[in-house]
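Written out below as structure tokens is the structure these notes cover.
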Amino acid sequence: MTDYRLDNGNGLTLRFLDRGGIITAIEAPDREDRRANVVLGLASPSDYESLARHYYLGSLIGRYAGRIAGARFAIDGHEFRLDANDGANTLHGGRAGFDIATWAVEPIGPDCATLHLASPDGAGGFPGRLDVAVTYRLLADNALRIDYRAVTDAPTMLNLTHHGYFNLGAGARDIREHRLEIAGDRVAEVDASALPTGALLPVAETAFDFRSPRAIGARFDEGPWLGGLPGYDHSWVLADLPRADPRFAARMADPLSGRTLEVWTTEPTLHVYTANHFPGAAHDAAGVPLGPHRGVALETQHLPNSPNLPGFPTTLLRPGERFRSTTIFRFGTGD
């Protein structure tokens, strides 16, 4: 397992591993220009061998981010059966997802690297050989740009994302007081297994309404929430997306540190997971227990279970097509 470091020379640094493309640290300044890690990370690379899979902590996710019902889908009338690793369903690509793969890393400069992975035909039950390239690039304005590219030699389903957990207070407290704004007026309805039903519900006058900034935890008590635990594990449909160029998707701010994070993406959905099920048994690099709501994942992607819901945007990739996706996480200071 190899550790890599990127630096934009302007106060933003990033560390990642070749295993899973795991981003272990992003150091960003607060309003007093004090730099600290704003993603949940573990103390050493070896800790990720046992713990990262449980939390998908900082990993690249594929072949399919989110759940696929019944661990199966059909393409051109042919059914494919996948690894079932979430009850009867497939979660984040199955038992051998991209989060535990060893990626080939091509350093491009002090602020940029590209990760390459060849996923063989039949991996996790997914058809086709898939060649994937993911580029991490630190921009001069203190942003992390992630570019995803993929091609296949047979029709397949694809949904890629990054599963980092942000805490703009550098882990000093949980994220319930972080203020969040989401540029989406609909949320995907889910069943008790956290699978979308196919319905897209308006967020107006509900606990899912983040069209104006408010504290993430302000309406945690309005359940019922999935698994009986308070918090979010839901997908917002973003306005005016997908697009060829990244558009504004979300903004998060920590009032105490003054750090802010903007999310821009070409993807049509933002999945928000507030670490509801973190048990607190593990500890981060600073020794703080990884309990509920210690971080929030902002996953830009397509909707879960899209292969089985024809009303959702397609995630089908065919030979001769090139999958392209870009997400930008821009760090700053402000309110």
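The values are calculated or read from the model by the stated rules, or taken from the named source; none is laboratory data. Computed from a predicted structure; not experimentally measured. Note that we place each Cβ from the backbone using ideal geometry, even for glycine, and neighbour counts take in every protein chain shown.
Data table
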| read-out | value |
| --- | --- |
| Test: residue in the stretch 299-308 that is surrounded by fewer than 20 Cβ atoms within 10 Å (Cβ to Cβ) and touching a residue at least 12 places away in the same chain (Cβ under 8 Å) | yes |
| Residue 84 over 30 Å from residue 4 (Cα atoms), without any contact (Cβ under 8 Å) to a residue 24 or more places away in the chain and touching a strand residue (DSSP E or B) at 6+ places or on another chain (Cβ under 8 Å) | yes |
| Qualifying residues in the stretch 82-101 (those that are modelled with pLDDT of 95 or more and in a strand (DSSP E or B)) - the one farthest from residue 45 (Cα to Cα) | 89 |
| Residue that is closer than 12 Å to residue 183 by Cβ and at pLDDT below 95, where the choices are 233, 240, 245 | 240 |
| Failed item, numbered, when residue 159 is tested on (1) out of contact with any Phe, Trp or Tyr (no Cβ under 6 Å at 6 or more places or on another chain); (2) at pLDDT 95 or above | (1) |
| Residues that are under 30 Å from residue 12 (Cα atoms), touching a Pro at 6+ places or on another chain (Cβ under 7 Å) and either surrounded by fewer than 17 Cβ atoms within 10 Å (Cβ to Cβ) or not hydrophobic (A, V, I, L, M, F, W, C) (or both), drawn from the stretch 165-201 | 177, 179, 181 |
| Failed condition for residue 278, given (1) buried (at least 20 other Cβ atoms within 10 Å of the Cβ); (2) over 21 Å from residue 201 (Cβ atoms); (3) at pLDDT 90 or above | (3) |
| Unmet criterion (only one of (1) within 22 Å of residue 50 (Cα to Cα); (2) under 18 Å from the mean Cα position of the chain (by Cα); (3) of a type in the set (S, T, N, Q)) for residue 159 | (1) |
| Any pair with Cβ under 8 angstrom, 6 or more apart, that starts in the stretch 229-240 at a residue that is closer than 12 Å to residue 190 by Cα and in contact (Cβ under 8 Å) with a residue 40 or more places away in the chain and ends at one that is in a loop (DSSP other than H, G, I, E, B) and of a type in the set (Gly, Ala, Ser) | 233/194; 235/66; 236/184 |
| All strands (runs of 3 or more DSSP E) inside the stretch 190-286 with 1 or more residues being under 16 Å from residue 329 (Cα atoms) | 247-253, 259-265, 269-273 |
| Residues of the stretch 103-134 that turn out to be under 22 Å from the mean Cα position of the chain (by Cα), over 30 Å from residue 81 (Cα atoms), touching a residue at least 24 places away in the same chain (Cβ under 8 Å) and not in a loop (DSSP other than H, G, I, E, B), as a count | 3 |
| Residues that are within 30 Å of residue 33 (Cα to Cα) and in a strand (DSSP E or B), drawn from the stretch 135-160 | 135, 136, 137, 138, 139, 143, 144, 145, 146, 147 |
| Criterion: buried (at least 23 other Cβ atoms within 10 Å of the Cβ) and either closer than 27 Å to residue 135 by Cβ or touching a His at 6+ places or on another chain (Cβ under 9 Å) (or both) - qualifying residue of 61, 100, 108 | 61 |
